[in-house]
Amino acid sequence: MALFRGTIRSQALEMDTAVHVILPYDRLSADGEQMQYDKVLYLLHGLKQNADAWQRMSSVERYAQEHGFVVVMPEVQRSFYTDMAHGLKYFTYISEELPCMMQRMFHLPKGPERTFAGGLSMGGYGALKCALLRPDVFGGAMCFSSGFYILDNAEQFAGTFHDGEMAGIVGEKMECSDSDRLEMGMEAYPQDRPRPLLYLACGTEDPLHPLNVRMRGALEKRGFAPAYEEWSGAHNWKFWDAAVQRGMEYIARQSAMRNSGNNAV
């Protein structure tokens, strides 16, 4: 394994920003043969975290080694993975600029069949947004305890944020744009694109559990086929560590089947 912690200059953000990368370069098969990493996971942090979070608080490096993922862990502050109404273009950075930069710098696999997003809480929302709005880049998403529907109901959730913070994300009228509404992304999803591979998980004691159940229903209603799991758990790293392991296992298995021509999910 190799772990890179560094800083890159983003043109979309017009500033330097942190990014960490896990490369499972020495991955071996059961019989000792060298195996190449063939999938990339952009793993997104939550509202109160940064680029360090997944590396510090979970065993994602071991799971990447097991399932053959390069893991890219960027930083977006508290932007909710949006091109903010009064702030920086974080969705453009995550969904467009960053994948291109990482592919050039680390010679990563390209194409949505090998590129996925994942995240917890705010990052789970960002991951699904990447899969729905940029199917040319991302072939699926893993979403854990996700903050779905928070921007759709910005005024209701404004108290969770600092004074004026929600207005900075969605604007003073507290109305998020259509591009930030995930159900609009489902409606506009290109018919000529394969449906994304989706894994959703949420703890039954998590306060965001009702929002995750609602999102599952919305996806299924529109012809998407998310794998959904829930078990006893709260909004914490004990749950997210288990969820990312299960999500990586699911996406690795399903992407291998899809890339081999078997479309069963």
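If we keep just the residues of region 52-81 that are in contact with a strand residue (DSSP E or B) (Cβ under 8 Å, 6 or more places away or on another chain) and acidic (Asp, Glu), which is nearest to MET101 (Cα to Cα)? Per the stated criteria, the residue is GLU75. Cβ-Cβ contacts under 6 Å between residues 6 or more apart (or on different chains), taken from a first residue in region 149-160 that is under 17 Å from MET215 (Cα atoms) to a second residue that is in a helix (DSSP H, G or I) and among the charged types (D, E, K, R), are listed as LEU151/ASP180. Within region 217-265, the residues that satisfy the criterion of being in contact (Cβ under 8 Å) with a residue 40 or more places away in the chain, more than 23 Å from SER58 (Cα to Cα) and small (Gly, Ala, Ser) are ALA225, SER255. Quick one: is TYR63 surrounded by 19 or more Cβ atoms within 10 Å (Cβ to Cβ), within 24 Å of ARG258 (Cβ to Cβ), modelled with pLDDT of 95 or more and touching a helix residue (DSSP H, G or I) at 6+ places or on another chain (Cβ under 7 Å)? Considered against the rule, which asks whether it is surrounded by 19 or more Cβ atoms within 10 Å (Cβ to Cβ), within 24 Å of ARG258 (Cβ to Cβ), modelled with pLDDT of 95 or more and touching a helix residue (DSSP H, G or I) at 6+ places or on another chain (Cβ under 7 Å), TYR63 comes out as yes. Scanning region 209-226 for residues that are of a type in the set (Lys, Arg) and part of a helix (DSSP H, G or I) turns up ARG214, ARG216, LYS221.
Taking the criterion of being of a type in the set (A, V, I, L, M) and either part of a strand (DSSP E or B) or in contact with a Leu (Cβ under 7 Å, 6 or more places away or on another chain) (or both), the only residue of region 227-247 that qualifies is ALA227. Helices (runs of 4 or more DSSP H) wholly in region 81-175 with at least 2 residues that are within 23 Å of TRP240 (Cα to Cα) and of a type in the set (Gly, Ala, Ser) - which ones? Because the criterion is at least 2 residues that are within 23 Å of TRP240 (Cα to Cα) and of a type in the set (Gly, Ala, Ser), the helices (runs of 4 or more DSSP H) in region 81-175 that meet it are 122-133. One residue stands out in region 219-265 among those that are surrounded by fewer than 16 Cβ atoms within 10 Å (Cβ to Cβ) and among the aliphatic types (A, V, I, L, M): the one that is farthest from ALA141 (Cα to Cα), namely ALA234.
Is it true that ASP206 is of a type outside the set (Gly, Ala, Ser), part of a loop (DSSP other than H, G, I, E, B) and loosely packed, with under 15 Cβ neighbours inside 10 Å? No; evaluated as a whole, the condition is false for this residue.
In region 46-60, what residues are surrounded by 15 or more Cβ atoms within 10 Å (Cβ to Cβ) and outside any loop (DSSP other than H, G, I, E, B)? If the condition is that a residue be surrounded by 15 or more Cβ atoms within 10 Å (Cβ to Cβ) and outside any loop (DSSP other than H, G, I, E, B), then ALA53, TRP54, GLN55, MET57, VAL60 are the ones that fit.
The values are calculated or read from the model by the stated rules, or taken from the named source; none is laboratory data. Worth saying up front: this structure is predicted, and the values here are computed from it rather than measured. When we count neighbours, we look across all protein chains shown, and the Cβ atoms used for this are built from the backbone with ideal geometry, even at glycine.
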